[in-house]
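Here's the structure we're looking at; comments come further down.
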């Protein structure tokens, strides 16, 4: 039996992985205890998505288990053992702001939980491929020292500058303010690399920009495009935190990311690290996203700008994805930013 373990399986990336691998006739073991509801409230619960997956895919088995629970995690690994060919680790506490409120919870989920998964993989299925959803926040606020230029709707960088096509994996993760969330993810990021380099395991660390798509349970503190779509559809006022709304993010559709995981799974490498995101193909500022929502929905988007900003946040982030593309030239991005926004809005309207 071909078995894939997916943590955070009812979340955005996890559920995309479940659909992708179930449709390729894998047996998928999902682990998700709906901590997103604990972090961000009832509106961010992923129970609806879990129900959809369980109803649609008979080869999907859901476990309501916390990844910090070593005893229950080990029992799952013991049950499936060497039949496990792939582990996709998406479960996380994903918010800057929430991490500062409960540092122990944040660190134990992001760092300790990852260690538990790595050690069980090493003990029970050492030949399995281990893919980790890391984050560009491991670079801290170092991107903010780039020579940015203020334009009418965004911060931008000169075309002649080395990072114009995006920030690559050579940027230092040291001597910067990460936020506690960025620090806990950096700890996990390095541990995943180390299990590859030290134990020879097939691990891939993907440092994502903004990951998005129609299955995202957006909340104010996490999932900005999905939350903006929710505000647009429900006529709620959106708050822009700092930087005049000109902060830039690249956005990668969850399907594009899972297809990247698929190519890595087919030809895995040891202890590899990739920056992954929408790159120059799919990016926008908050102000530009607002304009796109208005154009696509025909409705005025209500928003206000706060002088507050999230500590350690980025003014400008675009991923340089050329390293991954050089290793896996068959892969390319399919979704552009307008396609993504349109799909999120349509999915939300359908669920209303």
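For the stretch 110-128, the tally of residues that are in a loop (DSSP other than H, G, I, E, B) and under 22 Å from the mean Cα position of the chain (by Cα) stands at 1. Residues in the stretch 37-59 that are touching a strand residue (DSSP E or B) at 6+ places or on another chain (Cβ under 8 Å) and either under 22 Å from residue 352 (Cα atoms) or assigned to a strand (DSSP E or B) (or both): 40, 41, 43, 44, 50, 53, 54. For residue 114, are the conditions met, namely being closer than 30 Å to residue 73 by Cβ and out of contact with any strand residue (DSSP E or B) (no Cβ under 6 Å at 6 or more places or on another chain)? So residue 114 passes the test.
Which residue is modelled with the lowest pLDDT, if the candidates are limited to the stretch 315-329 and must be touching a helix residue (DSSP H, G or I) at 6+ places or on another chain (Cβ under 6 Å) and over 14 Å from residue 251 (Cα atoms)? Looking at the filtered set, the residue picked out is 315. Residues of the stretch 292-321 that are loosely packed, with under 15 Cβ neighbours inside 10 Å and assigned to a helix (DSSP H, G or I): 294, 295.
Conditions (1) part of a strand (DSSP E or B); (2) surrounded by fewer than 22 Cβ atoms within 10 Å (Cβ to Cβ); (3) in contact (Cβ under 8 Å) with a residue 12 or more places away in the chain; (4) at positive phi, marked per residue:
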site: 130; (1), (2), (3), (4): yes, no, yes, no
site: 159; (1), (2), (3), (4): no, yes, no, no
site: 164; (1), (2), (3), (4): no, yes, no, no
site: 174; (1), (2), (3), (4): no, yes, no, no
site: 216; (1), (2), (3), (4): no, no, yes, no
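Each residue in the stretch 36-54 was checked for being touching a helix residue (DSSP H, G or I) at 6+ places or on another chain (Cβ under 7 Å), buried (at least 19 other Cβ atoms within 10 Å of the Cβ) and either farther than 16 Å from residue 258 by Cβ or without any contact (Cβ under 8 Å) to a residue 24 or more places away in the chain (or both), and 4 pass. Put simply, of 255, 275 the only residue that is outside any loop (DSSP other than H, G, I, E, B), farther than 25 Å from residue 195 by Cβ and touching a residue at least 24 places away in the same chain (Cβ under 8 Å) is 255. Pairs meeting the criteria (first residue in the stretch 323-347 and closer than 30 Å to residue 290 by Cβ, second residue modelled with pLDDT of 95 or more and in a loop (DSSP other than H, G, I, E, B), beta carbons under 7 Å, at least 6 apart or on different chains) are 333/278; 333/282; 335/282; 336/282; 337/278; 337/282; 340/282. Out of curiosity, is residue 107 farther than 30 Å from residue 284 by Cβ and not in a helix (DSSP H, G or I)? No, not satisfied.
The values are calculated or read from the model by the stated rules, or taken from the named source; none is laboratory data. Quantities reported herein were computed from a predicted structural model and do not represent experimental measurements. Neighbour counts are summed over all protein chains in view; Cβ atoms, including those assigned to glycine, are modelled from backbone coordinates with ideal geometry.
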